[in-house]
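The values are calculated or read from the model by the stated rules, or taken from the named source; none is laboratory data. What you see is a predicted model, and the numbers here were worked out from it, not measured in a lab. With ideal geometry, Cβ positions are generated from the backbone for all residues, glycine too; neighbour counts draw on all protein chains shown. Surface areas here come from the heavy atoms of the whole protein model, side chains and all, with no ligands, DNA or RNA. Shrake-Rupley method; radii C 1.70, N 1.55, O 1.52, S 1.80 Å.
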Amino acid sequence: MGKSAIRAELALDCRNSHGEGVFWNAADGRVWWTDIEGRALWWFEPAGGKSGRLEMPDRVCCFAPRKDGGLIVAFAQSVVLLDLATGASETIHAFEPDSPDTRLNDGRTDRQGRLIVGGMNEATGAADSSVIRIDPDGTVTTLIDVVACANSTCFSADGRTMYFADTPERTIRAYDYDPATGDLEAMRLHADFTGEPGLPDGSCVDVEGGVWNAEWQGRRVVRVAPDGRIDRVIEVPTWKPTCCAFGGPELDTLFITTSRLMSSPEDLAADPHAGGLFAVKPGVRGVPDAPFGG
């Protein structure tokens, strides 16, 4: 099958500074995501078109609902359990406290409800950050080190493969993943983005084993087939797609976050919907993310 392209449409003109970390929460029928630089969480209800914005005390890099309510939130330098109703929070991990240039970035839960989240060096781009696993009991384990910019974390439907990108490498890796322990085993190259217009950013998976990846500065989301070929292309009418997730009651709509980060006034004048939330029905269903188990 050759590459075929369809176009995503603007779902919400939210003009995020740096939209990221999108996921579908079946418990409330909402798409949730973060505006990292805007220090806010956003939600959107596809059924009624309603949306909302919640201010945060710091940059939220990624987050997930908890099994028993509330959120687990990866702020720039810490991982926190947060009760949105009361505002109560509990810090469960300080991320790389001896590395002032690194912060948390991309992450998702595995099929058993652990949070896997990775960091980046936003000052120098050096490969001196890491990827960690947070178990429901709060145990923290380092899974990958020597990371420049962690992205693309997502899991196959059976939970036995973890996909990951260190964005400057322009590849997506696939790790054998032990669902029982959360440990990484053998790693292989899954997809090579050399020659692609953009860099691999956030990802999600579909029920057929495809990995959907937002191409930073590429104006597109692509599907990587199980054999590593890019076989479908979603055109996104803005320069900087950042992350994607399947949502809606049937998990048949792909929601795509985008960014205005590092865009000049001239860039933004020519790209008025930068930072918006986009959506498309690509003809395949996604796999629901598990809530954090702790």
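How do the strands (runs of 3 or more DSSP E) wholly within region 61-157 filter down when requiring 1 or more residues that are among the charged types (D, E, K, R), at pLDDT 95 or above and out of contact with any helix residue (DSSP H, G or I) (no Cβ under 8 Å at 6 or more places or on another chain): which remain? Give the derivation first.
Numbers: elements: 71-75, 78-82, 89-94, 102-109, 115-121, 129-134, 140-147, 150-155.
Here the list reads 89-94, 102-109, 129-134, 140-147.
Within region 158-194, being outside any strand (DSSP E or B) and either in contact with a Lys or Arg (Cβ under 9 Å, 6 or more places away or on another chain) or of a type in the set (D, E, K, R) (or both) holds for ASP158, GLY159, ARG160, GLU169, ARG170, ASP178, PRO179, GLY182, ASP183, PHE193, THR194.
Taking ILE72 as the residue in question, decide whether it is in contact with a His (Cβ under 7 Å, 6 or more places away or on another chain) and either among the basic types (Lys, Arg) or surrounded by 21 or more Cβ atoms within 10 Å (Cβ to Cβ) (or both). Can you show your working first?
Details: in contact with a His (Cβ under 7 Å, 6 or more places away or on another chain): no; either among the basic types (Lys, Arg) or surrounded by 21 or more Cβ atoms within 10 Å (Cβ to Cβ) (or both): yes.
No: the conditions fail for ILE72.
Residues of region 119-178 that are open to solvent by 20 Å² or more (accessible area, probe 1.4 Å), of a type in the set (Lys, Arg) and either touching a residue at least 24 places away in the same chain (Cβ under 8 Å) or on the phi > 0 side of the Ramachandran plot (or both): ARG170 alone. Within region 1-56, the set of residues being open to solvent by 50 Å² or more (accessible area, probe 1.4 Å), among the aliphatic types (A, V, I, L, M) and not in a strand (DSSP E or B) comprises MET1, ALA26, ALA27, ALA47. Residues that are open to solvent by 10 Å² or more (accessible area, probe 1.4 Å), outside any strand (DSSP E or B) and more than 14 Å from GLY198 (Cα to Cα) within region 218-236 comprise PRO226, ASP227, GLY228, ARG229, listed in sequence order. Between ALA148, ALA165, ALA186, the distinction of being over 23 Å from TRP216 (Cβ atoms) and not hydroxyl-bearing (Ser, Thr, Tyr) belongs to ALA186 only. Determine, yes or no, whether LEU254 is open to solvent by less than 60 Å² (accessible area, probe 1.4 Å), under 20 Å from GLY19 (Cβ atoms) and assigned to a strand (DSSP E or B). Yes. For region 257-283, the set of residues classified as among the hydrophobic types (A, V, I, L, M, F, W, C), in a loop (DSSP other than H, G, I, E, B) and open to solvent by less than 10 Å² (accessible area, probe 1.4 Å) consists of ALA274 only.
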